[in-house]
1. Which of the following residues is under 31 Å from the mean Cα position of the chain (by Cα), part of a helix (DSSP H, G or I) and either charged (D, E, K, R) or within 27 Å of Asn62 (Cβ to Cβ) (or both): Ala92, Ala103?
2. Under the condition of being in contact (Cβ under 8 Å) with a residue 40 or more places away in the chain and surrounded by fewer than 16 Cβ atoms within 10 Å (Cβ to Cβ), which residue from the stretch 82-129 is farthest from Tyr217 (Cα to Cα)?
3. I want to confirm something. Restricting to the stretch 208-225 and keeping residues that are more than 15 Å from Glu117 (Cβ to Cβ) and among the β-branched types (Val, Ile, Thr), which single residue is most open to solvent (accessible area, probe 1.4 Å)?
4. Answer yes or no: is there a residue in the stretch 67-86 that is under 20 Å from Ala197 (Cβ atoms), out of contact with any helix residue (DSSP H, G or I) (no Cβ under 7 Å at 6 or more places or on another chain) and assigned to a helix (DSSP H, G or I).
5. Quick check on my filter: what residues within the stretch 130-140 are of a type outside the set (Gly, Ala, Ser), in a helix (DSSP H, G or I) and open to solvent by 20 Å² or more (accessible area, probe 1.4 Å)?
Amino acid sequence: MILLQTLSTDTLSAADSLAMGATNNDIGLLDLLIKGGYMMVPLYLLFILAIFIFVERLITLNKASTTSSHLMDQVKVLVQSGQTEKAKILCAGERTPVANMIAKGIERIGSPLKNIEVAIENVGKIEIYKLEKNLNLLATVSGAAPMIGFLGTVAGMIQAFIAIAQEEGMVSPKLLSEGIYEAMITTAAGLVVGIIAYLGYNFLVSKVSKLVHNMEYSSIEFIDLLQDK
């Protein structure tokens, strides 16, 4: 009985020791990010910039796509009945790219059809520029972040080998492994930031494409309305 109790106590003590060792050897995410070195600073800034651009553009594009589905029907009725001022007020209340284009077309009613088309097209170009604002910057972040991460890894590896060269006698495997994994942290962080920025960029580009298609369709519909008038 005493022997069993002794074996049980030894087993529990060994398990506790292993658990404590595992706990002490665990490295949290925050610790890893700190160990990445000074090259992590620009990656933090690029990540914040990417998130800011994505959220700001997403809000803007969602607002731009809220044009009423009945806008063209209402404009058609007002223009055909000669109530162009009410049609302008209706478009001004929408404050969307489609509404701004149609409002410019209404202002040009009475001019040659070609001039109306050019006026609508010019407004459309301005609206597309507003929609695509900062998207190129987001694309730049998606490409720059991985390169900065690789640069941090190369710099970390250089420092690790310098430390190894300065060691006298046998090189500690711990020293070698710590230098390598700390250097690789920047690569992983750069890839994460780059992937997030790349996915966000492509998502926003797809939303812009849908909006541009809707703008083109609405402008064609308005020109057809004037031709039939």
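The values are calculated or read from the model by the stated rules, or taken from the named source; none is laboratory data. Note that this is a predicted model, so its numbers are computed, not measured. Here the Cβ is made from the backbone with ideal geometry for all residues, glycine too, and neighbour counts use every protein chain on show. For the accessible areas, the whole protein counts, side chains as well, though only heavy atoms, and no ligand, DNA or RNA atoms are used. Shrake-Rupley method; radii C 1.70, N 1.55, O 1.52, S 1.80 Å.
1. Values: Ala103 fails: under 31 Å from the mean Cα position of the chain (by Cα).
Only one candidate passes the filter, namely Ala92.
2. The qualifying residue farthest from Tyr217 (Cα to Cα) is Ile109.
3. Filtering the stretch 208-225 for residues that are more than 15 Å from Glu117 (Cβ to Cβ) and among the β-branched types (Val, Ile, Thr), the one most open to solvent (accessible area, probe 1.4 Å) comes out as Val212.
4. Looking through the stretch 67-86, none of the residues is under 20 Å from Ala197 (Cβ atoms), out of contact with any helix residue (DSSP H, G or I) (no Cβ under 7 Å at 6 or more places or on another chain) and assigned to a helix (DSSP H, G or I).
5. The answer is Lys130, Asn136, Leu137, Thr140.
The rows are residues; the columns are (1) over 27 Å from the mean Cα position of the chain (by Cα); (2) under 21 Å from Pro146 (Cα atoms).
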{"site": "Ile180", "(1), (2)": "yes, yes"}
{"site": "Val193", "(1), (2)": "no, yes"}
{"site": "Tyr217", "(1), (2)": "yes, no"}
{"site": "Ile223", "(1), (2)": "yes, no"}
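For every residue, the table says whether it meets (1) open to solvent by less than 80 Å² (accessible area, probe 1.4 Å); (2) modelled with pLDDT of 75 or more; (3) part of a helix (DSSP H, G or I); (4) out of contact with any helix residue (DSSP H, G or I) (no Cβ under 6 Å at 6 or more places or on another chain).
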residue: Ser142; (1), (2), (3), (4): yes, yes, yes, no
residue: Ile148; (1), (2), (3), (4): yes, yes, yes, no
residue: Ala155; (1), (2), (3), (4): yes, yes, yes, yes
residue: Gly169; (1), (2), (3), (4): yes, no, no, yes
residue: Tyr181; (1), (2), (3), (4): yes, no, yes, yes
